[in-house]
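The values are calculated or read from the model by the stated rules, or taken from the named source; none is laboratory data. Computed from a predicted model, the values in this text were never measured in an experiment. Methodologically, a virtual Cβ is constructed for each residue, glycine included, from the backbone with ideal geometry; neighbour enumeration extends over all protein chains shown. To get the accessible areas, we keep the full protein, side chains included, count just its heavy atoms, and leave off ligands, DNA and RNA. Shrake-Rupley method; radii C 1.70, N 1.55, O 1.52, S 1.80 Å.
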Amino acid sequence: GYFFDDRDDRPIIFIVLYGCTYFVSNAGPNTTTFVVPSETFPTRIRSRCHGLSAAFGKVGALVGGFAMSPVLEHFGVSVTLIICGLISFVGLAITLFFVHETKNYNMTAPD
């Protein structure tokens, strides 16, 4: 792309774009992976369930990593990116419909 070819001439643009990408990737998926499990599970089993959530996240990353190459070879880049976007929206829908809001919940109160 345009910025990739000129990245040596304009390092500040590369740094800013990389920083924005890093921020966006940590603002959404990172919150769902680490913050939501620690807020949603009951206190007495929170650490165990948080560990299971993290483990399933790693398994999902492993499956996605192994599935990427065959899907990319079979469907091409455009369709693969559309599939990745659809999977992301399914994850968003599951999070919105099944995770309860904990904004007004007292996290220190016994369950």
statement: The relative contact order of the chain, taking Cα pairs under 8 Å that sit 6 or more residues apart, comes to a percentage of 27 percent
Extent along principal axes [Cα atoms of the chain; Å; largest to smallest]: 57, 37, 22
query: Over the heavy atoms of Ile15, what accessible area does a 1.4 Å probe trace out, to the nearest 10 Å²?
result: 100 Å²
task: Counting helices only, and only those DSSP H runs with n ≥ 4, report the 222 nm mean residue ellipticity of the chain as the sum of -39,500 (n - 2.57) divided by its residues, in deg cm²/dmol to the nearest 500.
output: -23000 deg cm²/dmol
- prompt: What FRET efficiency would be calculated for the residue pair Val16, Arg44, taking the C-beta separation as r and a Förster radius of 35 Å, to the nearest 0.05?
  reply: 0.20
message: Need one value: the accessible area of Val35 in square angstrom, 1.4 angstrom probe, rounded to the nearest 10.
response: 60 Å²
query: Where the only charges are on Cβ atoms (+1 Lys, Arg; -1 Asp, Glu), what is the dipole of the chain about its Cα centre, to the nearest 20 debye?
result: 540 debye
